[in-house]
Amino acid sequence: MVPSRVAASVVQRHVKHVRPVAVGEASGVVARVYEQVADEMRVVIPPAQLHSPAPDLLAAYWMLMREPLLPTRLVSRAVKEAVAAAVSIANICPYCAEMHGVSLYDLGTEHDSEAIARDDPAGMDDPRLRAAAEWARHAHETADGPVPLPDPRPGAAAELVGVLVALHYLCRMVNVFLSPFLLPPSLGPRARRRAKQGIGRLMRPTLRDPREPGRSVGLLPPADPSRTRGGLWTTGNAWVADAYARASDAFDAAGERSVPPAVRQVVAEFLDGWHGQETGISTAWCERLVAGLPATEAVSARLALLTCAASYQIDEVLVGEFRAVHPGDGVVLDTVAWASFAAARVIGDRQPVGTAFQETRGGAGPLHDEEASSPWL
């Protein structure tokens, strides 16, 4: 009973700052995406709902997430969920950390799921999950050079980096537009674990049923090669490559229609010198960067910069200041989605894809051998 009620409350949770399209009122692209999400996730999950006021961004989010995460061509779903949970911890996104941690309750073990939740991937028992989680937790930190992938061979790397990029995008969006917790904060440790166990059982079909690649790519037009930047890590997986290129065009278009050129330039220059380092509690770094902009552009730059590097610090006051200047749902969604993807794209493009296989800590072997397709699917 308790897990069912918790799952139902998650579906009904209100999205913040924008008004989502109700499932029963969806049409066009929104209805098509909602149909796919409901079919494969059993419900139209809140991360999909938060994108719904901008149909092209909804489609871009879904294909960016679905194609690397759900089909298990070379990498098991358990490994991917470990990556997703670790990225969520890195982004201080409790909602996503709990969601993907719950998945590991069913696909892996309670022990390994809780090790990621307490930011201790080295304490995980399964060597393959440990290797993936340790990489994902620090893959954005490239000041001292890129962190070696647990399996950088092109096909597997496309799936692993695809999940990394998708979660770095999504955690930023969730931190801004969703309530922070999947489970009620009032739950004690024992009740929280029981709830995770129950939700994991409810989610089992969505985690274990096979998924065909490419289902989502027709939701957006083919990519324009002259617009698409980066994404060399997609080599070896045509479906991930196509989805990423089409989604990339949509996010870039969102920036062009809603983010002033001067703001995009400030963000690009910041990301060029940012290698995953923590910005700290103070936002003085952000204020220095926006100081030379007109007031209306400074509001946009502030929201975009914090989305890139400290999305967990964005609060009602900051969004309220932005909405006072830009009242429409579309502009705030465009700005945050563009900035979220800009950061995620940089992180993905800095991954050392194409190098020789390097064994990671814990003695884990390749993640795409026969073993990867057997125990958890």
*Length gain on complete extension for the stretch D329 to L232, per 0.36 nm per residue less the alpha carbon to alpha carbon distance?*
31.6 nm
*For the stretch 118-161, which trypsin sites (Lys or Arg not before Pro) are both in a DSSP coil and crowded by at most 13 other Cβ atoms within 10 Å?*
R118
*Are there any helices in the chain, counted as whole DSSP H runs, that stretch 24 Å or more along their axis by Cα and score at least -1.0 on average by Kyte-Doolittle, and if so which?*
154-177, 238-258, 329-349
*Test item: Cα-centred dipole of the chain, Lys/Arg +1 and Asp/Glu -1 on Cβ, debye*: 840 debye
*Cβ under 14 Å from Q277's Cβ, Q277 left aside: what net charge do those residues give with Lys, Arg +1 and Asp, Glu -1?*
-3
*Based on the alpha-carbon gyration tensor of the stretch 222-345 and its eigenvalue square roots a ≥ b ≥ c, which shape applies: rounded if a/c is under 1.5, prolate if not and a/b is larger than b/c, or oblate?*
prolate
_Tensor-based shape of the stretch 72-210 (alpha-carbon gyration tensor, a/c under 1.5 rounded, otherwise prolate or oblate)_ = prolate
_Let's test the formula: R0 of 22 Å, r as the Cβ-Cβ distance of E256 and R19. What FRET efficiency results, to the nearest 0.05?_
0.40
*If the chain between D119 and E316 were fully stretched, how many nm would it gain, using 0.36 nm times the residue separation less the Cα-Cα distance?*
68.2 nm
*asked:* As I understand it, the dipole of the chain uses +1 on the Cβ of Lys and Arg and -1 on the Cβ of Asp and Glu, about the Cα centre. Which of P221, A195, F177 lies farthest toward its positive end?
replied: A195
*How much area per residue is accessible in the chain when the probe is 1.4 Å and only protein heavy atoms are counted (Å²)?*
39 Å²
*Once Lys and Arg get +1 and Asp and Glu get -1 on their Cβ, which of C93, A295, N237 lies farthest toward the positive end of the dipole of the chain?*
C93
*Under a Cβ-Cβ limit of 4.7 Å, which cysteines in the chain have nobody to pair with?*
C286, C308
_Give me the extension gain from L202 to D349: residue separation times 0.36 nm, minus the current Cα-Cα distance, reported in nm with one decimal._
49.3 nm
_Can you show me the helix-derived [θ] at 222 nm for the chain, built from DSSP H runs with n ≥ 4 at -39,500 (n - 2.57) apiece and divided by the number of residues, rounded to the nearest 500._
-19500 deg cm²/dmol
*At a 1.4 Å probe radius, which order do R246, R153 fall into by accessible area, largest first?*
R153, R246
*Roughly how many debye, to the nearest 20, is the charge dipole of the stretch 259-350 about its Cα centre, given +1 on each Lys and Arg Cβ, -1 on each Asp and Glu Cβ, and no other charges?*
140 debye
*asked:* Tell me the carbon and sulfur percent of the accessible area for the chain, rounded to whole percent, probe radius 1.4 Å.
replied: 56 percent
*Based on the alpha-carbon gyration tensor of the stretch 178-269 and its eigenvalue square roots a ≥ b ≥ c, which shape applies: rounded if a/c is under 1.5, prolate if not and a/b is larger than b/c, or oblate?*
oblate
*Which longest uninterrupted range of the chain lacks any GluC sites (Glu not before Pro) assigned by DSSP to a loop state (not H, G, I, E or B) and surrounded by at most 15 other Cβ atoms within 10 Å?*
1-277
*Round to a whole angstrom and tell me the spacing of the C-alpha centers of the stretch 92-125 and the stretch 198-228.*
22 Å
*Give me the net charge of R229's neighbourhood, meaning all other residues with Cβ under 14 Å from the Cβ of R229; Lys, Arg count +1, Asp, Glu -1.*
-1
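The values are calculated or read from the model by the stated rules, or taken from the named source; none is laboratory data. As the structure is a prediction and not an experimental result, all values here were calculated from the model. When we count neighbours, we look across all protein chains shown, and the Cβ atoms used for this are built from the backbone with ideal geometry, even at glycine. Side chains are part of the model used for accessible areas, which takes the heavy atoms of the whole protein and leaves out ligands, DNA and RNA. Shrake-Rupley method; radii C 1.70, N 1.55, O 1.52, S 1.80 Å.
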